[in-house]
Amino acid sequence: MPNPIAHLLDQADALLQTPADVKKLEQTILQWAVMGKLVEQDENDQVVDLSSSNFIQQKDRLIQQRKLRPRNIAERDDIQELQFNIPENWIWTRFSDVVFFQEGPGIRNWQFRNEGIKLLNVQNILSNGSLQISNTNKFVSKDEFEQKYSHFQVKEGDLLFAASGGSWGKTAWFENPGYPVMLNTSIIRMRFFSSEFSSTFLSKFVSTDFFVAQMTKQLVGMQPNFGSTHLSRIYIPLPPLAEQKRIVAKVDELFTHTRALSARLERMAATRTQWQGAMLTQLQSAPNVAATQTAWQSIQAHFDQLHT
């Protein structure tokens, strides 16, 4: 059966008029991905096993390192009701059962130093999904870090998540800069407990409207501020590892097309704005009807060229 999203991309010029339209399409792609509708299922794929010795050992290791503190967080019916039908070889599970997440400690102003161990802040996570460590300049002393905060050190491959403010939900991958870096307030790092799962599938999941809906159900007040308790109430649909990888590959393939389209629409919008003034000037300065028609035909030809 033809993929409706692939068909939609073929018709993109006619159906998608603005970058905002493209963003909506990308959310549809992500939603299809986590519902099991983006790629074919394979009955030979091995279903995720949360009782495997490897999986349990990796969770126990995090507990011993003080990075994970098991807690019994009550489920909420209004969040459970958001679940949808998934393929037979997928499983529904609590986010906290498969994902390690850790919120930064509340470092106070009086603890800041001009040098020592670099602190990550929400400002370091850019809206384009990249991490810019150099745009903040806050540290804690090396002694204090070693005595109290060493288990908050960020590791290569951690997915960083902005958990407060108007930009909550921004994510970025952490790449080791060659010196220790630790979490600060309003930053959460996360990764699957087991390397048997696809970390990129996790990053796709936390970008979905479904994940956002589960988080916003728990919002209290006007200022978003989420932490480990809120994440513990989240549910995630898990396909077999082989399908996780196929989903990630397909999403990346489709997003290559959508981002190219979005860039072209942005260029067209900028050009259109520039030419609006020129169009009015030419039309208003035309000495007669014939000249007005000639000016209009010239402008129309330019826009027709933009669309080809």
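Of all residues in the stretch 131-163, those satisfying the criterion of being farther than 17 Å from N109 by Cβ and of a type in the set (G, A, S) are S134, S150, G157, A162, A163. The residue that is farthest from V39 (Cα to Cα), counting only those in the stretch 201-217 that are open to solvent by less than 10 Å² (accessible area, probe 1.4 Å) and either touching a Ser or Thr at 6+ places or on another chain (Cβ under 9 Å) or in contact (Cβ under 8 Å) with a residue 60 or more places away in the chain (or both), is Q214. Checking K24, K59, K67, K37 one by one, the residue that is under 30 Å from H151 (Cβ atoms) and modelled with pLDDT of 70 or more is K59 and no other. Do we have A242 as in contact with an Asp or Glu (Cβ under 7 Å, 6 or more places away or on another chain), under 27 Å from L25 (Cβ atoms) and among the aliphatic types (A, V, I, L, M) here? Yes, satisfied. If the condition is being open to solvent by less than 100 Å² (accessible area, probe 1.4 Å) and under 28 Å from E40 (Cα atoms), then the stretch 75-89 contributes I79, Q80, L82, Q83, F84, I86, P87, N89. Might you let me know whether the stretch 162-177 holds any residue that is in contact (Cβ under 8 Å) with a residue 12 or more places away in the chain, over 30 Å from I86 (Cα atoms) and among the basic types (K, R)? No, because not a single residue in the stretch 162-177 is in contact (Cβ under 8 Å) with a residue 12 or more places away in the chain, over 30 Å from I86 (Cα atoms) and among the basic types (K, R). Every test in (1) at pLDDT below 95; (2) more than 26 Å from R71 (Cα to Cα); (3) aliphatic (A, V, I, L, M) is passed by L219 save one, and that test is (2). Taking (1) part of a helix (DSSP H, G or I); (2) buried (at least 16 other Cβ atoms within 10 Å of the Cβ) in turn, F100 satisfies each apart from (1). Checking each residue in the stretch 231-259 for being buried (at least 17 other Cβ atoms within 10 Å of the Cβ), outside any strand (DSSP E or B) and of a type in the set (V, I, T) picks out I234, I247, V248, V251, T258. List the pairs whose first member sits in the stretch 223-251 and is farther than 17 Å from M35 by Cβ, whose second member is assigned to a helix (DSSP H, G or I), and whose Cβ atoms are under 7 Å apart, counting only residues at least 6 apart or on separate chains? Final answer for the pair search is F226/M215; H230/M215; L231/F95; L231/S96; S232/F95; S232/S96; R233/I79. Exactly one residue out of F226, F197, F192 is within 28 Å of R61 (Cβ to Cβ), open to solvent by less than 10 Å² (accessible area, probe 1.4 Å) and among the aromatic types (F, W, Y): that is F226.
The residue list G106, G116 contains one member that is modelled with pLDDT under 90, over 30 Å from V47 (Cβ atoms), out of contact with any Cys (no Cβ under 7 Å at 6 or more places or on another chain) and among the small types (G, A, S), which is G106.
The values are calculated or read from the model by the stated rules, or taken from the named source; none is laboratory data. Owing to the predicted nature of the structure, the values given are computational and were not obtained by experimental measurement. Note that each Cβ is placed from the backbone with ideal geometry, even for glycine, and that neighbours are counted across all protein chains shown. These accessible areas exclude ligands, DNA and RNA; they are computed on the full protein's heavy atoms, side chains included. Shrake-Rupley method; radii C 1.70, N 1.55, O 1.52, S 1.80 Å.
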